[in-house]
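A.B. asks: Could you have a look at this structure, given as structure tokens, before my questions?
The values are calculated or read from the model by the stated rules, or taken from the named source; none is laboratory data. From a predicted model like this one, the values you see are computed outputs, not experimental measurements. Please note: Cβ atoms are built from the backbone with ideal geometry, for glycine as well, and neighbour counts cover all protein chains shown.
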Amino acid sequence: MSERVRKILVGVIKGVAAILIVLGGYLAYNVITTSGGPPIFTAAISFLTVLLLVLGIFGLLS
């Protein structure tokens, strides 16, 4: 039972990770294409994007 639960949890984590990677890529694309706006805001969005990508990749690797 616990092995089955663990497999389900790993599947859920990988699904969330894939969503984070797609979302991160989408945000990165938006920031690159519409780089008008306050530099601080753009920097914060790109930092968040990188963070999402890293979290997503680590989630897929685990």
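A.B. asks: With respect to the numbered conditions (1) out of contact with any Lys or Arg (no Cβ under 8 Å at 6 or more places or on another chain); (2) part of a helix (DSSP H, G or I); (3) modelled with pLDDT under 75, which one is the sole condition not fulfilled by G37?
C.D. replies: G37 satisfies all of (1) out of contact with any Lys or Arg (no Cβ under 8 Å at 6 or more places or on another chain); (2) part of a helix (DSSP H, G or I); (3) modelled with pLDDT under 75 except (2).
A.B. asks: Looking at the structure I just gave you, is V50 among the aliphatic types (A, V, I, L, M), surrounded by 12 or more Cβ atoms within 10 Å (Cβ to Cβ) and modelled with pLDDT under 80?
C.D. replies: Details: among the aliphatic types (A, V, I, L, M): yes; surrounded by 12 or more Cβ atoms within 10 Å (Cβ to Cβ): yes; modelled with pLDDT under 80: no.
No.
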